[in-house]
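The values are calculated or read from the model by the stated rules, or taken from the named source; none is laboratory data. Computed from a prediction, not measured in an experiment: that's the story for all the values here. With ideal geometry, Cβ positions are generated from the backbone for all residues, glycine too; neighbour counts draw on all protein chains shown.
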Amino acid sequence: MGGTALALPAVTILPQPPYDCQRMLSVVAEYRCAPPNLSELIEARTLATRLMDHEVAPLDTYRRALAVQPSAVIVFKQDGRVTGLFGALMLKAPALDLVLEGRFDALAPDTDLLTRDGERPAFAYNWGVAAENKTAAVAVLTAVGEMTRRLYPHITAFTRAVTGAGRHIALKRYGYRPLRGPDDNFLVKEPIIAESAA
């Protein structure tokens, strides 16, 4: 018995510049953010687990992603400790249907879907942000915001809100919208292209 395929949500995807890890890391370094070494990664994952009160990807997932995209996780440190982090994946076009169909596994993403240096990403998937104080939050969010503004200002980004506060901030402050309906915690932020003056 045949069924009717559900229409996928409509999103705007625009062509992007090539993935350039060194340029990305150069921008975030201006805000004292950098990819973590192994001990910092363990510390960052512990921080994210505690602050998000939600399942986060296993350590091996982060290590595999960082091996392909050193920009996939950045951390901010104060007094020698990781106090803030941001995780995001730059993904190839074949990952889009997985995301729109709700089949993208953010806890164990297929690294073949990650954009390599010189390849053009189709979109970004924001793993999340965690910070234990305002200084750390400002540092990581400013670093990522500036990197996006300079290098990928027209990229579409997806994220899953795991807390009510995070969802509220994403919707009200960062321009995300629910993907499939008003109560959806899976969110999308699409590029805003200024219309040319007539």
Against the condition within 20 Å of GLN16 (Cα to Cα) and of a type outside the set (A, V, I, L, M, F, W, C), how does ARG149 come out, does it pass? yes
Odd one out for GLU146 among (1) farther than 25 Å from TYR31 by Cα; (2) charged (D, E, K, R); (3) not in a loop (DSSP other than H, G, I, E, B): (1)
If you go through region 32-45, how many residues are surrounded by 13 or more Cβ atoms within 10 Å (Cβ to Cβ), more than 16 Å from the chain's Cα centre (by Cα) and part of a helix (DSSP H, G or I)? 4
Would you check if there is a residue in region 93-115 being of a type in the set (Ser, Thr, Tyr), in a loop (DSSP other than H, G, I, E, B), under 16 Å from the mean Cα position of the chain (by Cα) and more than 14 Å from TRP127 (Cα to Cα)? yes
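Table: residues versus (1) crowded, with 21+ Cβ neighbours inside 10 Å; (2) in contact (Cβ under 8 Å) with a residue 24 or more places away in the chain.
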| residue | (1), (2) |
| --- | --- |
| LEU91 | yes, yes |
| LEU98 | no, no |
| LEU107 | no, yes |
| ASN133 | no, yes |
| VAL138 | no, no |
| ALA143 | yes, yes |
Hey, any hits in region 7-26 for a residue that's at pLDDT 95 or above, part of a helix (DSSP H, G or I), more than 26 Å from GLY118 (Cα to Cα) and of a type outside the set (Ser, Thr, Tyr)? no
